[in-house]
Amino acid sequence: MPDLSTQPDSFLPPPFSIARFAELTASIFLHLGVKVWLFAKICPTPWVAFGTRYYKAAAGIMVTASHNPKQDNGYKVYWDNGAQIIPPHDSGIQSAIQTLLEPRATSWDTSVIGGATDPGPELTPAYMERLSAAMRQPQLNADSPIRFTVTSMHGVSHPYMCEAFKACNFKVRAPFIPVREQMEADPEFPTVPFPNPEEGKSALNLAMATADAGGSTVILANDPDADRLAVAEKQPSGEWRVFNGNETGALLGWWCWSSYPSPDDKDNCYMLASTVSSKILRSIAEKEGFHFEETLTGFKWMGNRAEQLMLQGKKVLFAFEEAIGFMCGTTVLDKDGVSAALEVAQMATTLANKGLSLTQQLDLIYDR
């Protein structure tokens, strides 16, 4: 039988019903004899994309409203390659729904939920191992001159970011300063009117206050399901600069190429961006000699294109979209705010050791 991976992005009880939706989804497959991995606790959306490939599952399902208003729910589907569904799979699923509009008698029966396997204890260490292996100079991280402030925006990322910083050799005792008011998962999002770090300073007021109080100069902000990342840096004037998605994309694109250990293999190297994003990666690619491709809007196109290139023996170093979504490497074939945060942290550390800030490096990229 095929395998399914599904995840309750939930803090619930009612009236919030995301956990209930995830359990119902898992139970429907279990009643059909399909093997299911169901996370026992909340985790980032990228874990489902990663887990789908890791377990060679037929599909992955994430129940999450992401950074949308708290009244919303969402249902995200990955195909067996760990990328979001594209044609013909999306229309195939829609056609199947139309043939079965009446729920089965067992559709509401979650008594079989005990038949699902929790992948968390195996999957999280596997992810962290790959994240650690991707660090270019982990020995520098232990003595990073940068103090980072991190917020999970009332979402799922805090415990995973703690593990990620530790896995990447940042100071174990105090790798970053958390925004404590936003550290715990809370579906009411009590400190922000709209839990979307892409909103900029209006969404990062608490993070900036925390950073100012703690002497931090770089803020890393995940959205609630941790698949996106906002970055801010304190300027010499004392003001905060919040990088937009195109600017962070330029920095990460430069970083992924400049720290790539095999630059002579540039003919096999690719970077991707969607059509609504900046053309900066195209310019860097033309300058450095690697390949750049533009896709339709959405990470579903970039994730699937990345897999196609991988099957051809190509190396996809980076992909991004202007809505602060970043894919560093191919551990996850979707945007991943956790790995992106650690790449930014190592980049900022490396630059600081050279006497440069993120802002200064961005200026250098544009000047080239």
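List the GluC sites (Glu not before Pro) in the stretch 237-289 that DSSP assigns to loop (not H, G, I, E or B) and whose Cβ has at most 11 other Cβ atoms within 10 Å. Which are they?
Working: sites: 239, 247, 286, 288; in loops: 239.
Taking the stretch 237-289 and a limit of 11 other Cβ atoms within 10 Å, the loop GluC sites (Glu not before Pro) found are 239.
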For residue 42, enumerate residues with amide H under 5 Å from its amide H, sequence gap 5+ or separate chain, H modeled in the peptide plane.
10
Rounded to the nearest 10 degrees, what's the angle between the helix 45-54 long axis and the longest principal axis of the chain, both from Cα atoms, 0 to 90?
70
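Suppose R0 equals 25 Å; then what is the FRET efficiency for residue 90 and residue 308 from their Cβ-Cβ distance, rounded to the nearest 0.05? All intermediate terms of the calculation are to be shown ahead of the outcome.
Values: r = 17 Å, r/R0 = 0.69.
That gives a FRET efficiency of 0.90.
For the stretch 3-120, what does the alpha-carbon gyration tensor say about shape, rounded, prolate or oblate, given a ≥ b ≥ c as the root eigenvalues, a/c under 1.5 as rounded, and a/b over b/c as prolate? Display every interim value, and only then the final one.
Working: a/c = 1.15, a/b = 1.06, b/c = 1.08.
Judged from the Cα gyration tensor, the stretch 3-120 comes out rounded (a/c under 1.5).
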Neighbour-count ranking for 45, 331 (other C-beta within 10 angstrom, fewest to most) reads 331, 45
Take every DSSP beta bridge whose two residues both sit in the chain, then give the antiparallel share in percent to the nearest 5.
40
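Do any trypsin sites (Lys or Arg not before Pro) in the stretch 129-236 lie in a loop, going by DSSP, with at most 13 other beta-carbon atoms within 10 Å of their beta carbon, and if so which?
Answer in residue order: 173.
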Need the C-alpha centroid separation for the stretch 291-328 versus the stretch 195-219, integer Å.
29
For the pair residue 72 and residue 202, the simple spin-label estimate (label points 7 Å beyond Cα toward Cβ) gives in nm 1.5
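DSSP loop chymotrypsin sites (Phe, Trp or Tyr not before Pro) in the stretch 186-288 with at most 16 other Cβ atoms within 10 Å of their Cβ, which ones?
Values: sites: 240, 243, 254, 255, 257, 270; in loops: none.
Counting only loop positions with at most 16 other Cβ atoms within 10 Å, none of the chymotrypsin sites (Phe, Trp or Tyr not before Pro) in the stretch 186-288 qualifies.
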Evaluate the Kirkwood expression for the hydrodynamic radius of the stretch 153-271, namely the inverse of the mean inverse distance over all pairs of different C-alpha atoms, and round to one decimal in Å.
15.8
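Exposure proxy check: 362, 317 ranked by fewest other beta carbons within 10 Å? Each step should come with its number before you reach the end.
Working: 362 19, 317 24.
Ranking 362, 317 by Cβ neighbours within 10 Å, fewest first, gives 362, 317.
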For the chain, take the longest principal axis of its alpha carbons; what is the angle in degrees between that and the long axis of helix 358-367, to the nearest 10 within 0 to 90?
80
Gain upon complete extension [residue 143, residue 237; 0.36 nm per residue less C-alpha separation]:
31.3 nm
Measure off 7 Å from each Cα along the Cα-to-Cβ vector at residue 294 and residue 162, then give the distance between these two points in nanometres to one decimal.
4.4
Among beta bridges assigned by DSSP with both residues in the stretch 3-120, the antiparallel ones amount in percent, to the nearest 5, to 35
For the chain, take the longest principal axis of its alpha carbons; what is the angle in degrees between that and the long axis of helix 120-133, to the nearest 10 within 0 to 90?
30
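Between residue 98 and residue 17, take the C-beta separation as r, use R0 = 25 Å, and let me know the FRET efficiency to the nearest 0.05.
0.55
Quick note: the coordinates plus some simple rules give every number you see, no bench work behind them. Bear in mind the structure is a predicted one, so any value in this text is a computation, not a measurement. All Cβ positions, glycine included, derive from the backbone under ideal geometry; neighbour counts span all protein chains shown.
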